[in-house]
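Notes for the one structure printed next.
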Amino acid sequence: MPAIDRTPDLRLVGSPEEPRDERLFRRMFFLRCFEEAVLDLFSEGLLNGTTHCCIGQEADCVGIAEHLTPGDHVFSNHRCHGHYLAHTGDAAGLLAEMTGRSDGVCGGVGGSQHLCAPGFKSNGVLGGTMPAAAGIALAQQLRGTGHLSVAFIGDGTLGEGVVYETLNIASLWRLPLFVVCEDNAWSQSTPKRLNMAGGLRERFEAFGIPTREIDTTDVLEIDHTAGEEIAAVRHAGSPRALVIQTYRLCHHSKSDDNRPLAEVESRWLLDPLRVHGVRLDGQRRGEIESEVRQGIGSLVECLRRAA
Ligand SMILES: Cc1ncc(C[n+]2csc(CCOP(=O)(O)OP(=O)(O)O)c2C)c(N)n1
């Protein structure tokens, strides 16, 4: 089986010279097309197990990644494709990983949820990566690298005790840890109002961790806020949190969804591709979309041939 080329494809990630507005759109569209392709491959029976897509939450992944440097370490959860792709651009490695190939991100043994790569770790056990994120932040602090750990968690993960143990020690030891809580209002099939008492932001502030909360799917707003917050973590070397109220537009994993249809439909109006896409010149937007489709198409074809 020929090895795949894991060099990030410029059709997917854009070039450094590309105007920021266009690059942000391209990258969100890249994540969207990748996950749509993954869902198609599942329905064709070419992928095994399950997968959790971040369709609707792409602006979080892309806006945060804009402010990370190669020495920073990202920790993610079951819904990790977007975080991984935005940080690394490694679409070929991730698709190979999901098909169980030895040239995947971590040898084909991690699948969709359990990625282990330089600068990136994800785990399907909710909250499971929080202590590791703090541990790497401690290593960064001791080595004086100026780099940080970013931990993405969902609102449902705030029910895990290990989150609070981590926040406590991160605050006490002033660790360069940036926690991003993607609050999509649902934890699998349970709405937040049924499983969360009190405020979300207060849970971080109880440990003396400065926390911002934004209610948006606009990549420019996330990009701007993330820039300020990440700079503040680097400057002070101590933890901060960002709560982003967002929405997943598709099912929890491959097909399970018990949310009211009207609620889901209304949120498609705030699809991050739509919110940001209207800012682009129509012709240029079409060109970007077709380049990304070609990039994903050739990747899928290459893996189909190797299957
Ligand atoms: C410790 C643990 N308990 C339960 C689960 C099953 N589980 C997987 S995803 C999920 C919901 C997570 O909700 P949230 O953290 O809000 O993330 P979202 O799926 O909304 O992105 C649950 C309960 C798990 N993976 N790990």
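Just so it is clear, none of the values below were taken in a lab; they were calculated from the coordinates. Keep in mind the model is a prediction, meaning the values are calculated, not measured. Note: ideal-geometry Cβ built from the backbone for every residue, glycine included; neighbour counts use all protein chains shown.
Sorting S290, S238 on the 10 Å Cβ count, fewest up front, what's the list?
Details: S290 11, S238 19.
In increasing order of surrounding Cβ atoms, one gets S290, S238.
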Handout entry: P(r) tail fraction, segment 101-153 - alpha-carbon pairs more than 17 Å apart, %
Key = 43
Completion exercise
E205 and L261 label points (each 7 Å along its Cα→Cβ direction) are spaced in nm at 4.0
Problem - Amide hydrogen neighbours beyond the local backbone of F120, cut-off 5 Å, H modeled - result: V74
Fill in the blank from the handout: Placing each pseudo-label 7 Å from Cα in the direction of the beta carbon, D215 and Q294 end up separated by a distance in nanometres of 4.2
Exercise for the section: For every other residue with a beta carbon closer than 11 angstrom to the beta carbon of K192, add +1 if it is Lys or Arg and -1 if Asp or Glu, then tell me the sum. Expected result: -1
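How do the peptides 162-175, 52-65 rank, highest first, by the average count of neighbouring beta carbon atoms within 10 Å per residue?
On the way: 162-175: 18.1, 52-65: 26.1.
The packing order, highest mean first, is 52-65, 162-175.
Below 14 angstrom from the Cβ of A133, what's the summed charge of the other residues (Lys, Arg +1; Asp, Glu -1)? The partial results should precede the final answer.
Numbers: positive: K121, R240; negative: D72, E160, E165.
Charge balance in the 14 Å sphere: -1.
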Fill in the blank from the handout: Here the FRET efficiency for N195 versus E18, based on Cβ atoms and R0 = 35 Å and rounded to 0.05, is 0.25
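To one decimal place, what Kirkwood hydrodynamic radius in Å is obtained for segment 161-283 from all pairs of distinct Cα atoms? Don't skip to the end; give the middle numbers.
Working: mean 1/r = 0.0612 Å⁻¹.
Answer for segment 161-283: a Kirkwood hydrodynamic radius of 16.3 Å.
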Problem - Packing-based exposure ordering (other Cβ within 10 Å, fewest first) of K121, K254 - result: K254, K121
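Report D for segment 258-307 in µm² per second (integer): Stokes-Einstein, Kirkwood Rh on Cα pairs, 4 °C, 1.567 mPa s. Provide the component values of the computation, followed by the final result.
Working: Rh = 13.5 Å.
Here the translational diffusion coefficient equals 96 µm²/s.
Which shape class, rounded, prolate or oblate, goes with the chain when its Cα gyration tensor gives a ≥ b ≥ c as root eigenvalues, a/c under 1.5 marks rounded, and past that a/b bigger than b/c marks prolate?
On the way: a/c = 1.40, a/b = 1.32, b/c = 1.07.
Verdict is rounded for the chain.
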Handout entry: Share, in percent, of DSSP beta bridges within the chain that are antiparallel, nearest 5
Key = 15
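Can you give me the relative contact order of segment 5-84 as a percent, contacts being Cα pairs under 8 Å and 6 or more apart? Don't skip to the answer; put the middle values down first.
Working: 49 pairs, mean separation 23.1, N = 80.
It rounds to 29 percent for segment 5-84.
Roughly speaking, what is the stretch gain from R305 to E160, that is 0.36 nm per residue apart minus the C-alpha to C-alpha distance, in nm to one decimal?
Numbers: separation 145, 0.36 × 145 = 52.20 nm, distance 4.26 nm.
So the extension gain works out to 47.9 nm.
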Practice task
With springs connecting C-alpha atoms under 10 Å apart, model the chain as a Gaussian network and identify which of E202, E289, E44 has the largest mean-square fluctuation.
Solution key: E44
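When Lys and Arg each count +1 and Asp and Glu each count -1, what net charge do the other residues less than 15 Å away from H81, Cβ to Cβ, add up to?
Working: positive: R27, R32, R79, K121, R248, K254; negative: E35, E36, D40, E58, D60, D90, E97, E182.
With Lys, Arg at +1 and Asp, Glu at -1, the net is -2.
Would you mind getting me the FRET efficiency between Q283 and H224? Use the beta-carbon distance for r and R0 = 25 Å, nearest 0.05. Walk me through the numbers before you get to the answer.
Working: r = 27 Å, r/R0 = 1.07.
Result of the calculation: an efficiency of 0.40.
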